[in-house]
């Protein structure tokens, strides 16, 4: 597998204007602007009505501040304890999704375990790999009411040892979709017809994260029925990856589900940048 995707793993993605939106985009990417690139200053013509005919030159405008700041490597955690503390400052609670969102039971994953997609496309758990210092998944739901089924939202934050390791996580996520478009989460819960896209910062409209990965398909549950829409959005900043998964329900639109996913990813990415980014100026 090519590191962080390569040409075989790159496809038309789903990102927009600093935040992720799960929608189509045109082919052909706009890569990062070269360092120091700016629009040349324009020279104004003779001012209308100016008796002197003096010409003025517009001042060159400074490039806008990047949405993704530079990583401050001195802030990276070096131990599992430091990583757990950082994780706690990034992961969100149910309040990030509005007053109707509640916690599910269990609320958090076992911090000693890590999800692995096996050769049969079934999700299992295993001990944390060496490159992961800390990880946590929290489980929320919008309870069923007024003709609408139960909507499930999961949020995950993982702290790796360095940026290279977190980049590999994104590459593996794309590989898993290509290998297993149909996946079993657990007995009675399945994902169907998955497709994914991964975009570096600056590709297409990805301006919100160093590496974006999105996944969509259908969710089928013995308990909740289906098929219902399924969305996954993942971002990376330095050694940290953040992700939100949304499992839809009857009476709940894809746009509404996408809005919840965007709320979670944008909030956690902002908090990751605040914790690990270099201060402006």
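Extension gain for residue 162-residue 102 works out to 18.3 nm (0.36 nm per residue, less the C-alpha to C-alpha distance). Semi-axes of the equivalent ellipsoid for the range 138-261, computed as √(5λ) from the eigenvalues of its C-alpha gyration tensor and ordered from largest down, come to 27, 15, 13 Å.
Solvent-free Debye calculation, one equal scatterer per alpha-carbon of the range 69-276: log10 I(q)/I(0) at 0.09, 0.11, 0.15 Å⁻¹ equals -0.33, -0.49, -0.95. At q = 0.21, 0.23, 0.27, 0.28 Å⁻¹, what is the base-10 log of I(q)/I(0) for the range 116-184 according to the Debye formula with one equal point scatterer per Cα and no solvent? Please give it to two decimals. The calculated log intensity ratios at q = 0.21, 0.23, 0.27, 0.28 Å⁻¹ are -1.06, -1.14, -1.24, -1.25.
Read-outs throughout are calculated quantities, based only on the coordinates presented, and are distinct from any laboratory measurement. It should be emphasised that the depicted structure is a prediction, and the values quoted were computed from it without experimental measurement.
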